[in-house]
Amino acid sequence: APLLDALRALPGVEVPPVEWLHATWLHLGRLSADDIMWSQVETFYVSAAPRLRRVEPRAVCLVGIALTEDGRVTLGVQDDGLFREARAQAAIGATKAREALHADPAMTADGDTFVPTIDLAYLDSTANDGSVRQAIEAYRAIALPEIAPTHLMLGRVAALPEQHYATLAIVAEIP
């Protein structure tokens, strides 16, 4: 991908492997004694899957590339509320999902304002924002395809720095 290659060539810009790219629609927590025990993970699928199967499948549009204020290059996802619906259904089915949603900054007095994105790159303090903006400019107006997600997944991401982009461990897939 020419965009990813252009970003990789810039100092201070980290680009994850393509197979790692994903849209996180609800962060439940971290596997640790003071957050989520591994034994709890199995209960998430059992309690949330029946609710998530109620989410009507629909296509999403990939809508543009942006540089965020917190130093991420993102690909936007126009989902017509698909992920907000999945978040609400997961919260109905699983207590931990309900707690995570309640603590999510996207939850406001006006409701769930979550907008999905896919992180394409991360900038550190040495990155030059102007160079990054220049690298992504040519790709901002490209028409991207509509895609139809087939599964919502419960996955685990390694928290160890040396395994930063380890393969996502998919614990459960819900059609």
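The values are calculated or read from the model by the stated rules, or taken from the named source; none is laboratory data. All values derive from a computational prediction rather than experimental measurement. As a convention, Cβ positions derive from the backbone with ideal geometry for all residues, glycine included, and neighbour counts pool all protein chains shown. These accessible areas exclude ligands, DNA and RNA; they are computed on the full protein's heavy atoms, side chains included. Shrake-Rupley method; radii C 1.70, N 1.55, O 1.52, S 1.80 Å.
Here are some notes:
- Where Arg53 falls short, out of the listed (1) more than 18 Å from Val171 (Cβ to Cβ); (2) open to solvent by 40 Å² or more (accessible area, probe 1.4 Å): (1)
- Residues that are under 21 Å from Leu154 (Cα atoms), at pLDDT below 95 and of a type in the set (Gly, Ala, Ser), drawn from region 97-137: Ala97, Ala100, Ala103
- When Val55 is tested against (1) part of a strand (DSSP E or B); (2) at pLDDT 90 or above, only condition (1) is not met.
- Test: Leu101 is closer than 28 Å to Leu3 by Cβ and surrounded by 16 or more Cβ atoms within 10 Å (Cβ to Cβ): no
- Region 108-153, subset in contact with a helix residue (DSSP H, G or I) (Cβ under 6 Å, 6 or more places away or on another chain) and outside any loop (DSSP other than H, G, I, E, B), residue most open to solvent (accessible area, probe 1.4 Å): Asp112
- Residue within region 28-38 that is of a type outside the set (A, V, I, L, M, F, W, C), closer than 21 Å to Gly93 by Cα, touching an Asp or Glu at 6+ places or on another chain (Cβ under 6 Å) and at pLDDT below 95 present: yes
- The criterion of being in contact (Cβ under 8 Å) with a residue 12 or more places away in the chain, in contact with a helix residue (DSSP H, G or I) (Cβ under 6 Å, 6 or more places away or on another chain), within 21 Å of Ala1 (Cα to Cα) and surrounded by 17 or more Cβ atoms within 10 Å (Cβ to Cβ) holds for Ile65.
- Test: residue in region 25-37 that is open to solvent by 20 Å² or more (accessible area, probe 1.4 Å), of a type in the set (Ser, Thr, Tyr) and in contact (Cβ under 8 Å) with a residue 60 or more places away in the chain: no
- Within region 1-23, the residues that satisfy the criterion of being loosely packed, with under 11 Cβ neighbours inside 10 Å and not in a loop (DSSP other than H, G, I, E, B) are Pro2, Asp5, Val18, Glu19.
- Checked against (1) under 19 Å from Ile147 (Cβ atoms); (2) not in a helix (DSSP H, G or I), Asp70 passes all but condition (1).
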